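Heads up: the structure comes next, in structure tokens.
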């Protein structure tokens, strides 16, 4: 196994799932125009208080608490909604402050005393509960699992995931305590992955793109069975939502 790619975009637990799912006090019956001119029921607009937005930005242990600008990334859970479709603004009393989202979904948020005191909502033109907000974090370098003659122990297979999670807890002590937040994406082509246990075997077959998705199961980690996997498989460690975790577990 020579290839290990760690992809980590999401840090703040909870903020990733329903960061824009909060209710706004009052405002019932209002149907404001979005920046695109499309009216949306105010109670259905995705939004996030400025102070919580800054808290997410500062969740990166390498970020400066007195930075003038923080860079974040935003993405819709709806695959049909592209970055260019997302429009944002800070809802200030003197008028909206447009926050530009580039083609990759990155945005820059100014960090000022005035905005902290005003604590305006960051409002999107998307329905509440449909957006994820990310902060880029430098993740530790981890070595790939040691696969010998097409076999590897279960604990060794998931070692990179465990090492990354332990490092992330140095940034956020609660990271991962509410449930798994990573999956292994293993590209095997047409070859399956097989776990051999005392009570039998379990086979994971790749999808149409030649990829197998696996989550770390506590009972298997403790049992530490052999896993049959191609020597040249490529592996990614990816963040995943609780819904995605449950979907993988149910297969």
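The values are calculated or read from the model by the stated rules, or taken from the named source; none is laboratory data. As the structure is a computational prediction, the values presented were derived from the model and not from experiment. No Cβ is skipped: glycine too gets one built from the backbone with ideal geometry, and neighbour counts run over all protein chains shown.
Does residue 79 fit the bill of being surrounded by 20 or more Cβ atoms within 10 Å (Cβ to Cβ) and part of a loop (DSSP other than H, G, I, E, B)? Considered against the rule, which asks whether it is surrounded by 20 or more Cβ atoms within 10 Å (Cβ to Cβ) and part of a loop (DSSP other than H, G, I, E, B), residue 79 comes out as no. Among the residues of region 36-45, some residue qualifies, meaning at least one is in contact with a strand residue (DSSP E or B) (Cβ under 9 Å, 6 or more places away or on another chain) and at pLDDT 75 or above.
The requirement of being modelled with pLDDT under 70, surrounded by fewer than 16 Cβ atoms within 10 Å (Cβ to Cβ), touching a helix residue (DSSP H, G or I) at 6+ places or on another chain (Cβ under 8 Å) and in a loop (DSSP other than H, G, I, E, B) is fulfilled somewhere in region 140-155, by at least one residue.
Test residue 122 against the criterion of being assigned to a strand (DSSP E or B), surrounded by 15 or more Cβ atoms within 10 Å (Cβ to Cβ) and touching a helix residue (DSSP H, G or I) at 6+ places or on another chain (Cβ under 8 Å), and give yes or no. In short, yes. Do we find a residue being outside the structural domain of residue 228 (by TED's automatic domain parsing), part of a strand (DSSP E or B) and either modelled with pLDDT under 60 or surrounded by fewer than 18 Cβ atoms within 10 Å (Cβ to Cβ) (or both) anywhere in region 51-68? The answer is no, given that none of the residues of region 51-68 is outside the structural domain of residue 228 (by TED's automatic domain parsing), part of a strand (DSSP E or B) and either modelled with pLDDT under 60 or surrounded by fewer than 18 Cβ atoms within 10 Å (Cβ to Cβ) (or both). Against the numbered list (1) surrounded by fewer than 14 Cβ atoms within 10 Å (Cβ to Cβ); (2) more than 23 Å from residue 197 (Cβ to Cβ), residue 251 comes up short only at (2).
Restricted to region 160-251, the set of strands (runs of 3 or more DSSP E) holding at least 2 residues that are at pLDDT below 90 comprises 182-187, 234-239.
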